[in-house]
Structure formats: structure tokens, C-alpha cells
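Scroll down for the structure; my scribbles are underneath it.
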Amino acid sequence: MSSLIFFLVLILVWQAAYWLGIDVLHIFRPYVMPSPIGVCTRFLELLQNGSLLKAVGNSLLRGIAGYFIAVCIGLLIGVAINHFRYLQKNLKPIILGIQTLPSVCWVPFSILWFGLSTRAILFVVVMGAAFSIAIATDNAIKNVQPIYKKAALTMGATQKQLYLQVIFPACLPELVSGLKQGWSFAWRALMSGEVMTTSIGLGQTLIMGRDLADINQVMLIMIIIIIVGAMIDKVIFSKIERKILSQRGLL
Amino acid sequence: MPLLLNDIEMKFHDDQRAVLSHINFEVKDGEFICIVGQSGCGKSTLLNIIAGLIKPTSGVISLDGRPVEGPGADRVVMFQEHGLYPWLNVIENVKFGMKLAGLSKEEQRERAEYYLKLVHLEEYKEYPIHKISGGMRQRTALARALAMDSKILLMDEPFSALDKQTSNKLRAELQQVWMETHKTILFITHSVEEAVYLGDRVVVLSPNKGEIFKIHDIGIPRPRYVYTQDFVELRHQILEEVKGEE
Ligand SMILES: Nc1ncnc2c1ncn2[C@@H]1O[C@H](COP(=O)(O)OP(=O)(O)OP(=O)(O)O)[C@@H](O)[C@H]1O
Ligand SMILES: [Mg+2]
């Protein structure tokens, strides 16, 4: 409740600052300053002509598809670098290095390989998220208490049983936070990918706002990008996290 | 004669002295054998070697005539920390090992319920692990280990993380369980009282050399009580040996 009031006050202050800066003191030119009213108007317009929903839908679909591929690749690499000492020693440092690359750095590569296509965007998303997921997976498996494995081994567990019935459930809480972080990387990477192409989506609508010198549209899309990314985080990942933790009495 | 230890020696580092050396003994079928020794004398190391979790520097262990190589379900271990899985409830934990072994659902349930009853936990079988007490967790771990019906059950100070009262209660229950089941058990403890209370034989490890100092036959009839004269005398004698002040 108090955060809602804070939020409303923030918007009021924003509107007041806009009014003061443009109509009273004439410091800013109106087309470089967004205003709450302007953003709302643009929101209603884009909602009415359907382009906003289409952009959100397209971006979400691409984000989820790319994220899904990134999760598969990330889990696979993560388990592999954890399991094989050789890869742990030689491949992991490289992945750690690649992981620090901002996802925009993959854009030139993706355009040269895939052109200005959806596949190019997916490539950026996958590259942006897969490596962080791999590192998180490796760490999650490393943090499994040794006693869990020892107990299972002395009860006759095979390697496969050890992974499926002990290591995987044991590292699930940490794995889910890794996947959650992976999602935020994927979502950011998606935007770096989308701003470069012309296929309809949030990133492309953002750039269109710039091209039309429509600062309110730019602001609107930024807000929507934040809201959609955060919604997935709160509605999906935080729920799963809480459920796992409370089931184990860790909450 | 299920378990045979033949001249076990263990060095963690080549340049250091042996943690264990010249360890020779056997565990007979249906026998309850206890190993006592001071902290750091190599008890857990010995148990881990028998369990197959670590390899001895030299020496051979065999179970029913077959050499031990790596861990296996014929030598289930119950550890000091219970090692129960927090994502499973009490009965699912007890079934875990049987599930690994591929037993039928029906048999898993039957055995799990039988052993949960034996450790007085039948009413708690649906509880999550974090909602039962430390003593109940160790009982669950005991039920899980017993339900595996392994050739030998290895126990590494299973009650020492509990308070004195609970630990005394659990060891009385273990004695009861053993009198009913006559499982072959190798039990490690630093408490001489516990060893004399539970063991058919007690193996005393010397404090620093990592060797067997003496093996006692405990002839006291069961159920045993810690205040009888023969118990007190034997306990006193072994305590002196463990401390190394003969
Ligand atoms: N992995 C290891 N690497 C090197 N030294 C070890 C290792 N494990 C145990 N040791 C050493 O071996 C000795 C015996 O350890 P161990 O854990 O077997 O003792 P313990 O009798 O079980 O003691 P406690 O009663 O405290 O559990 C100790 O001196 C310990 O430092
Ligand atoms: Mg120990």
C-alpha cells in the first residue's frame, strides 16, 4: 500500500517537473521530455490500434523460445563442466570469460550469420543467457552437501540415479535462482537483438519511437519492458522459488 | 563370516605417518561390533574404508569372500549427520534406498512401515524432515538403513550429535531393535559406555598409533544396564585403555 502511494507521488512529481520545466520556466523543449500524460496517451493509442499487444506478444514468444534453448544448452554445459574434471579445468574459465560479454557484442555476429531475421534475435538471446545458466548450474551442483551423495552411494546408487534422484533435487533451489538470473539476461539480450531488426517487437517499437522523435513512445516502451521482465520474474520464478524453499522448511 | 579386514593401512599423504595400520579383525554374522577410540584416532576413516568411500593405502577388505571395491548397498552407512533428503518426507526417505534397488512399490511400502513402527515413527510417516526433532531424524535414518536389509550395517557415531538424554534413549531402542532383528552391525563411537552397552565385542583403537589396542568380548547378558557392577568395571577398564594410561 505504502509503495503504491510512493509510486503515485513519484508520477505526480514527474508531471509537476514536466509542467514546471516546459510550460513555466521554458528550460526544455517539449519533444525531448516525456510526461506521464503523454505516455498514457501514447499507451492508449498503441493499445487501440493493436500494435502494442502484438509487440509484447512477439517479444515474449521470442524471449521464451530463446530462453528455452538457452536453458537446454546451459544445463548441458553446466553438467558437463561439473562432471568432467578436464572440462572444469579448461573449458570453465573460457565460459566464465564469455559470460562477462555484454549481449550486444553478439549482434554483429548474429547479423553476419543470420541476417536481419528472427533467428538472429534468438541467437543473441541464447548467447546472452546460456553461459550464465551453465555457470550457475555448475555452482549449484558443487554446493550439494557431500553427505547426500555419500548416503546415496552407500545405498547402492548408480551414477544415473545419483544425478536424477539426489543431485538434481538437492540443487534445485539454487538452480532455480540461476535460471531466474538467466531469464533476466535473456530478456535484456532480447532487447539488444530486437532493436537491430525490423520484425515487430518491443525493441523495434522503441527504435521506431526514436525515429519518429516520439519521446513518449520511447518512455512507454521502456516502462513496458521493465514491467514484462519483472512480471515473469515475480509471477513465475519467485513463486517456484518460494514453493521449493517452504517445502524444505527453508523459508 | 561376512566381513574380514586384512592388514589395513591408511596414509592420506605419503610423507606423513599412517592414520591406521595393521588393522585386522573380522565381524561375524549377526554380530554387533563396536569400535571405540579418542577423537582423531581414525575411526571414521576406518568406517569410510569399509564403506568403500575411500581406498586404503594397503590391505584387503572382503565381504562374504568377495573383495570390497567401492560403495555398495550391501554395506549401508548411517552417519552422524542424518543425511536425510529434505525434499522427501519421512516415509519417502525410508523408501529411498529400496527404490534405488528397484523393489516393487508394495514391498517398499510394507518394509518402510515395518521399520518405521520398529523405531516408533509410524505416526510421523507423512511429516517433512524439517518438522521432526533431531532424535526423530536419526530414527528415520536408522529405519532407512535397516530397511535396506544389507549384509552389514555401518554406523558412525549416529547418536553423538544428540543431547545426552535422547542419545541414551536411542541407544536403548537400538539395543531393542538389534535383539529383535540380529542384524550384523559395525558401530563406531567415542563413548566407551555406548560401546559396552551395545557391543558383543568392543575393538579399542590406541590413541595415536592408529592400531588396534585390544578386542574385548562383552559377556554381559542383554538387555544391559549401565549401573550393574560388571558393566561399570568393564567400562572403567576400557576407558583407561582408550585414554592410553595403562
Ligand atoms: N581427507 C583427509 N585428508 C587428510 N587427513 C585426513 C583426512 N580425513 C581424516 N584425516 C586425518 O585422519 C585422522 C583420523 O581422522 P578421523 O576422522 O578418522 O578420526 P575420528 O576417529 O573419526 O575422530 P572423531 O571422533 O573426531 O570423529 C585425523 O588426524 C585427521 O586429521
Ligand atoms: Mg569421526
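The values are calculated or read from the model by the stated rules, or taken from the named source; none is laboratory data. Predicted model, so just to flag it, every value in this text is computed and none were measured. Heads up, the Cβs are rebuilt from the backbone with ideal geometry, glycines too, and the neighbour counts pull from every protein chain shown. Protein only, heavy atoms only, side chains kept; ligands, DNA and RNA dropped before computing areas. Shrake-Rupley method; radii C 1.70, N 1.55, O 1.52, S 1.80 Å.
For the range A:35-247, the relative contact order is 28 percent, taking Cα pairs closer than 8 Å that sit 6 or more residues apart in sequence and dividing their mean separation by the residue count.
Taking the protein heavy atoms of the protein assembly as shown in the context of the full set of protein chains, the accessible area attributed to carbon and sulfur is 61 percent at 1.4 Å. Computed from Cα atoms, the angle from the helix A:51-83 axis to the main principal axis of chain A rounds to 20 degrees.
Name the shape class, rounded, prolate or oblate, that the alpha-carbon gyration tensor gives for chain A, where a ≥ b ≥ c are the square roots of its eigenvalues, rounded holds for a/c under 1.5, and otherwise prolate holds if a/b is larger than b/c and oblate otherwise. Prolate shape, in that a/c is at least 1.5 and a/b is the bigger ratio.
Near B:HIS190: Cβ cut-off under 12 Å, other residues only, Lys/Arg at +1 and Asp/Glu at -1. The net charge is -2. Accessible surface buried by the B/A pair amounts to about 1900 Å², both sides summed, 1.4 Å probe. Using a Gaussian network model of chain A in which every pair of alpha carbons under 10 angstrom is joined by a spring, one finds that among A:ALA136, A:ALA17, A:ALA230 the greatest mean-square fluctuation is at A:ALA17.
Each helix, a run of at least 4 DSSP H residues, gives -39500 (n - 2.57); summed and divided by the residues of chain B, these come to -11000 deg cm²/dmol at 222 nm. Counting Cβ atoms of other protein chains within 10 Å of each Cβ in B:71-79 and taking the mean gives 4. Solvent exposure of B:SER104, expressed as accessible area, is near 60 Å², computed with a probe of 1.4 Å over the protein chains only. Peptides B:48-55, A:199-206, A:120-127 ordered by packing proxy, namely the average of other Cβ atoms within 10 Å per residue, highest first: A:120-127, A:199-206, B:48-55.
Over all other residues within a Cβ to Cβ distance under 15 Å of A:ILE81, the charged ones net out to +3, with Lys and Arg as +1 and Asp and Glu as -1. Kindly list the residues of the range A:205-233 that lie in the label zone of A:PHE7, defined by a backbone N under 18 Å from the point 7 Å along the Cα-to-C-beta vector. Counting backbone N atoms under 18 Å from the label point, the list is A:220-233.
Listed by chain and number, the aspartates and glutamates whose alpha-carbon sits under 15 Å from that of A:LYS89, ignoring those within fewer than 8 places in the same chain, are A:ASP138. Taking all protein chains into account, the per residue accessible area for the range B:84-149 stands at 44 Å² (1.4 Å probe).
Packing-based ranking of B:37-46, B:82-91 yields B:82-91, B:37-46, ordered from highest to lowest mean Cβ neighbour count within 10 Å.
The slack in the chain from A:THR100 to A:HIS83, taken as 0.36 nm per residue of separation less the alpha-carbon distance, amounts to 3.8 nm.
Sparsely packed loop sites in the range A:144-224 (the chymotrypsin sites (Phe, Trp or Tyr not before Pro) outside DSSP H, G, I, E and B with at most 10 other Cβ atoms within 10 Å) do not occur.
For the range B:89-164, relative contact order (Cα pairs under 8 Å, six or more residues apart, normalised by length) works out to 40 percent. If R0 is taken as 41 Å, the Cβ-Cβ distance between A:VAL228 and B:LYS169 corresponds to a FRET efficiency of 0.10. Extending 7 Å from Cα along the Cβ direction at A:SER238 and again at A:CYS72 yields two label points whose distance is 3.1 nm. The base-10 log of I(q)/I(0) for the protein assembly as shown, evaluated at q = 0.08, 0.13 Å⁻¹, reads -0.68, -1.18 [Debye formula, identical scatterers on Cα atoms, solvent excluded]. Per residue, the convex hull around the alpha carbon atoms of the range A:174-251 comes to 79 Å³.
For the set B:HIS130, B:HIS120, the ranking by accessible area, highest first and with no ligand, DNA or RNA atoms included, is B:HIS120, B:HIS130 under a 1.4 Å probe. Across peptide A:141-151, the mean count of Cβ atoms from other chains lying within 10 Å of each residue's own Cβ comes to 4. Sites listed here are chymotrypsin sites (Phe, Trp or Tyr not before Pro) in the range B:131-236 whose DSSP assignment is loop and whose Cβ has at most 16 other Cβ atoms within 10 Å: B:TYR225, B:TYR227. At full extension, A:TYR31 and A:LEU251 could sit 74.3 nm farther apart than now, given 0.36 nm per residue minus the alpha carbon distance. A probe of 1.4 angstrom, applied to the heavy atoms of all protein chains, finds B:MET179 with accessible area near 60 square angstrom. Dividing the mean sequence gap of close Cα pairs (under 8 Å, 6+ apart) by how many residues chain B holds gives a relative contact order of 26 percent. Count Lys and Arg as plus one, Asp and Glu as minus one, and take only other residues whose Cβ is under 14 Å from that of A:SER246; the net charge is then +4.
Classified by the C-alpha gyration tensor, the range B:82-132 has an oblate form. Its axis ratio a/c, with a ≥ b ≥ c, is 1.5 or above, and a/b does not exceed b/c. Working ranking of peptides B:66-78, B:198-210, A:95-107 by packing, defined as the average number of other Cβ atoms within 10 Å per residue, highest first, is B:198-210, B:66-78, A:95-107. The order of B:THR181, A:THR198, B:THR140, B:THR57 by accessible area, most exposed first and with a 1.4 Å probe, is A:THR198, B:THR57, B:THR181, B:THR140. Ordered by solvent-accessible area of protein heavy atoms (1.4 Å probe), largest first, the residues A:ILE236, A:ILE224, A:ILE207, A:ILE81 come out as A:ILE236, A:ILE207, A:ILE224, A:ILE81. If you plug the beta carbon distance of B:ILE215 and B:GLU110 into 1/(1 + (r/R0)^6) with R0 = 45 Å, you get a FRET efficiency near 0.75.
With both labels modelled 7 Å from their Cα along Cα-to-Cβ, the A:LEU164 to A:ASP23 distance reads 6.8 nm. Per-residue shielding of B:93-102, expressed as the average number of other chain Cβ atoms within 10 Å of the residue Cβ, stands at 3. The helix-only estimate of mean residue ellipticity at 222 nm for chain A, built from DSSP H runs of length n ≥ 4 each weighted as -39500 (n - 2.57), is -24500 deg cm²/dmol after division by the residue total. Computing FRET efficiency as 1/(1 + (r/R0)^6) for A:ARG119 and B:ASN24, where r is the C-beta to C-beta distance and R0 is 56 Å, gives about 0.25.
Hey, what angle do you get for helix B:105-118 against the long axis of chain B, alpha-carbon based, 0 to 90 degrees rounded to 10? The two axes meet at around 60 degrees.
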